[in-house]
Amino acid sequence: MSAVYFTIVAIILYFAADWLLERVEIAAGRRLEHRSLIFFVILLALAVSSFSLIQYYTGGA
C-alpha cells in the first residue's frame with residue numbers, strides 16, 4: 001500500500017515543484033537560467049521530506 005502512497009505523492013510533488021518554480025520566476029521577473037536544475041532541487045527537497053514522512057507513518061513497510 002505504501003507504493004500507492006509514494007506514487008500519488010510523487011505526482012503531486014511534481015506539480016507542486018513546477019508551481020513553486022513558476023512563483024519564483026514571477027517574483028524574479030524573468031526566466032531563470034538553470035531552470036531544470038532549480039526544478040530538480042525543489043523536487044528533491046520535497047520528495048526526501050515527504051517520502052521520509054510516508055515511511056515513518058506507514059511503518060517502513
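Number of residues in the range 1-12 that are farther than 11 Å from L46 by Cβ and exposed (fewer than 13 other Cβ atoms within 10 Å of the Cβ) equals 6. If you filter the range 13-46 down to residues that are surrounded by fewer than 12 Cβ atoms within 10 Å (Cβ to Cβ) and among the hydrophobic types (A, V, I, L, M, F, W, C), you find that the one that is nearest to T58 (Cα to Cα) is F15.
Here F40 does not qualify as touching a helix residue (DSSP H, G or I) at 6+ places or on another chain (Cβ under 9 Å) and modelled with pLDDT under 95. Within the range 40-61, the set of residues being in contact (Cβ under 8 Å) with a residue 40 or more places away in the chain, part of a helix (DSSP H, G or I) and more than 13 Å from the chain's Cα centre (by Cα) comprises I54, Q55, T58.
The values are calculated or read from the model by the stated rules, or taken from the named source; none is laboratory data. On a predicted model such as this, the values are computed, not experimentally measured, just so you know. A quick note on method: Cβ atoms are made from the backbone with ideal geometry, for glycine too, and the neighbour counts reach across all protein chains shown.
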